[in-house]
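Read through the structure below, which is laid out as structure tokens, and then see the notes.
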Amino acid sequence: MCRRLCRRFKAFYLGQATGTALAQALLGDVNPGGKMPLTTPRNVGQSPWYYNHPMLTGPINYYGSKSGPLYPFGHGLSFTTFQYSDLKVSGAISRDAAATVSVTVENSGQRAGDEVVQLYVHDLLSTTVTRPVKLLKGFQRITLQPGECQTVSFPIGREQLQFLDENMKLTVEPGQFELMVGGSSKATQSIVLEVTG
């Protein structure tokens, strides 16, 4: 029965309790809040697909087919909905200081639910090596009742922005970084952070 449920609802087989977990989610006994740890391509011609591809390359789409993945990295469903607002950055990043990015998340649905708030970083102009379009740098799981709001904060310091340069040394280039916060790698709000020295 478990394998039939997995095939019918296009789910991964996660072990002997998969059937029970799927049935509970489908019947509304539990409200799912998990997120996908991979990207699901829309068709085989898009493979391989990953959310953090380099700036100059990217996924390929068949001519005439819809662009974009079927399910992006970090995607997840719930019996409720969440709204993101009031994205802001406070503080500045330097050799000795860190900033904080915060966002307000509201449960805009009729049921209690869990949301995994995700933070992605994009270096807008790297002068040494090619950087990905975005990288997951933080996430927090929160539980909200219907109509409840919560402010979620992430620290942004050199550790979140550093990368290996052409000499294989960890570095942070001064410049602008786009910070993206949302419920998946596709559904995000963004704000720009200026990094000095």
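The strands (runs of 3 or more DSSP E) found entirely in segment 143-197 that carry 2 or more residues being in contact (Cβ under 8 Å) with a residue 24 or more places away in the chain and farther than 30 Å from G34 by Cβ are 175-182, 188-195.
Among the residues of segment 78-94, some residue qualifies, meaning at least one is part of a loop (DSSP other than H, G, I, E, B), surrounded by 14 or more Cβ atoms within 10 Å (Cβ to Cβ), touching a Ser or Thr at 6+ places or on another chain (Cβ under 7 Å) and among the hydroxyl-bearing types (S, T, Y). Residues in segment 139-187 that are buried (at least 18 other Cβ atoms within 10 Å of the Cβ) and touching a Pro at 6+ places or on another chain (Cβ under 9 Å): S184, S185. Looking only at residues in segment 109-133 that are under 15 Å from the mean Cα position of the chain (by Cα) and hydrophobic (A, V, I, L, M, F, W, C), the one that is surrounded by the fewest Cβ atoms within 10 Å (Cβ to Cβ) is V116. Considered as a group, the residues in segment 95-108 that are in a loop (DSSP other than H, G, I, E, B) and not basic (K, R) include one that is surrounded by the fewest Cβ atoms within 10 Å (Cβ to Cβ), and that residue is D96.
Values in this text are rule-based calculations from the coordinates and carry no lab data. Only a predicted model underlies this, so the values are computations on that prediction, with no experimental measurement involved. Every residue, glycine among them, receives a Cβ derived from its backbone with ideal geometry; neighbour counts consider all protein chains shown.
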